[in-house]
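In what follows, a structure is listed as structure tokens, so that the remarks can point back to it.
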Amino acid sequence: DYQAVVVEDIDLRNLAQCLHLGKKLHDNGFGLFRTMLKYKCERKGKYYIVADKYFASSKICNCCGHKKDKLTLSERIYRCTECGTKTDRDYNAALNLKQYGTHVLKEMGVLSA
Ligand SMILES: [Zn+2]
């Protein structure tokens with residue numbers, strides 16, 4: 001069971017350039033996917049939360065909150081220099097987005113603080 005889906009506010013054109021995909025992300029309907037996801041969430045009475053585009057989901061350590069200055073796309077393992085946490089980069093980012101969404105739902109009074 002879930003109450004919300006949290007997504008990043010990613011500039012798809014930037015992402016396509018960074019990954020050297022040209023227009024492929026648009027061609028593959030990535031933007032359409034987000035539109036459909038939002039629609040499905042609303043239809044089922046779930047919250048669709050878009051994290052602020054300046055929220056550094058990948059650079060923040062989910063364990064201690066330390067934020068890295070730099071993190072290259074090739075670094076697939078997140079290694080925290082402060083607390084020593086070593087975890088999958090995307091898993092770490094997903095945990096941060098979950099935390100972000102939980103905070104938003106608490107602010108809205110949907111979840112108790
Ligand atoms: Zn840490």
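The values are calculated or read from the model by the stated rules, or taken from the named source; none is laboratory data. Since the model is a prediction, treat every value here as computed from it, not as a measurement. A quick note on method: Cβ atoms are made from the backbone with ideal geometry, for glycine too, and the neighbour counts reach across all protein chains shown. Heads up: the accessible areas ignore ligands, DNA and RNA and are worked out on the full protein's heavy atoms, side chains in. Shrake-Rupley method; radii C 1.70, N 1.55, O 1.52, S 1.80 Å.
Results, tabulated for the structure shown:
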read-out: Condition met for residue 61 (in contact (Cβ under 8 Å) with a residue 24 or more places away in the chain, within 14 Å of the ligand (Cβ to nearest atom) and over 27 Å from residue 46 (Cα atoms)); value: yes
read-out: Yes/no for residue 45 being within 13 Å of the ligand (Cβ to nearest atom) and part of a loop (DSSP other than H, G, I, E, B); value: no
read-out: Filter result (without any contact (Cβ under 8 Å) to a residue 40 or more places away in the chain and either in contact with a Lys or Arg (Cβ under 6 Å, 6 or more places away or on another chain) or of a type in the set (Ser, Thr, Tyr) (or both)) within region 86-103; value: 86, 87, 89, 91, 102
read-out: Residue match in region 74-90 (condition: over 17 Å from the mean Cα position of the chain (by Cα), modelled with pLDDT under 95 and more than 14 Å from the ligand (Cβ to nearest atom)); value: yes
read-out: Contacts under 6 angstrom Cβ, first residue in region 74-85 being touching a residue at least 12 places away in the same chain (Cβ under 8 Å), partner open to solvent by 90 Å² or more (accessible area, probe 1.4 Å) and within 6 Å of the ligand (Cβ to nearest atom), 6 or more apart; value: 83/63; 85/63
read-out: The one condition in (1) open to solvent by 50 Å² or more (accessible area, probe 1.4 Å); (2) within 17 Å of residue 47 (Cα to Cα) that residue 97 fails to fulfil; value: (1)
read-out: Candidate set from region 57-84 (those that are in contact with a helix residue (DSSP H, G or I) (Cβ under 8 Å, 6 or more places away or on another chain) and hydroxyl-bearing (Ser, Thr, Tyr)); member that is most open to solvent (accessible area, probe 1.4 Å); value: 58
read-out: Total residues in region 48-61, condition out of contact with any Cys (no Cβ under 9 Å at 6 or more places or on another chain) and in a loop (DSSP other than H, G, I, E, B); value: 8
read-out: Answer from 10, 60 - the residue that is modelled with pLDDT of 95 or more and under 15 Å from the mean Cα position of the chain (by Cα); value: 60
read-out: Members of region 100-113 found to be surrounded by 12 or more Cβ atoms within 10 Å (Cβ to Cβ) and either within 14 Å of the chain's Cα centre (by Cα) or outside any loop (DSSP other than H, G, I, E, B) (or both), listed by number; value: 100, 101, 102, 103, 104, 105, 106
read-out: Residue under evaluation residue 66, criteria (1) modelled with pLDDT of 95 or more; (2) away from the ligand (no atom under 16 Å from the Cβ), criterion not met; value: (2)
